[in-house]
1. Of all residues in region 148-163, which are of a type outside the set (A, V, I, L, M, F, W, C), in contact (Cβ under 8 Å) with a residue 24 or more places away in the chain and part of a loop (DSSP other than H, G, I, E, B)?
2. List every residue pair whose Cβ atoms lie under 6 Å apart, where the two residues are 6 or more positions apart in sequence or sit on different chains, the first residue falls within region 108-126 and is under 22 Å from Leu161 (Cβ atoms) and assigned by TED's automatic domain parsing to the domain that holds Pro96, and the second residue, located anywhere, is at pLDDT 75 or above and surrounded by 12 or more Cβ atoms within 10 Å (Cβ to Cβ).
Amino acid sequence: MPTSRTCPVCQWSSWTDEPNCGHCGAAYIDDRPVATPYADAPAAPASGLACPQCGDLAEVKKLTAIVAGGTATTAVSGGISARAKTKTTLVTQLAPPPPPALGCLASMFGHYTRETRLKVERHRRQMQRWQKLYYCGRCDIVFDPEEREFAAINVWRAALLGDLEGRPGG
């Protein structure tokens, strides 16, 4: 029996049992976010990297550039000398994965348990992938041109960085 579903990417609603949106082809999200493969995306022109959903070049930016450009350090005065960092909402949403909590012994003495080493290695893989990701401001999606996957901004972290165990080179 068909159920009412709303696409996580284009927000199109329909009654369907299909696993993908009939409007844009993105995968519906049931329990956990999934990245959408885009093998049939518009071809990227030689002049730059195009969005896999709309083919636009002008609104595509690398996550590293957005985060670097959207964080400002300002001097605060008024009797107290201090510096404050401000971030835009987009920068907060696209920020790199936080480093894992290592515990006292690991932080102070470099004593790493197997579990701590696994957390550090997973974070390293997440950072490597994060540095390759792009954002389209028109479609509000994050995408990986190498893996050819994309996800809506509200689920990109879980879909594209979620579990990098077993990913080749990642």
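1. First, pick out the residues of region 148-163 that are of a type outside the set (A, V, I, L, M, F, W, C): 148-149, 154, 157, 162-163.
When the remaining residues are screened for being in contact (Cβ under 8 Å) with a residue 24 or more places away in the chain, the result is 148-149, 154, 157, 162.
Scanning region 148-163 gives Arg148, Asn154, Gly162.
2. Going by the 6 Å Cβ cut-off, the qualifying pairs are Lys119/Pro100; His123/Pro99; His123/Pro100; Gln126/Pro97; Gln126/Leu161.
The values are calculated or read from the model by the stated rules, or taken from the named source; none is laboratory data. None of the values given here were measured: they were computed from a predicted structure. Virtual Cβ from ideal backbone geometry, glycine too; neighbours counted across all protein chains shown.
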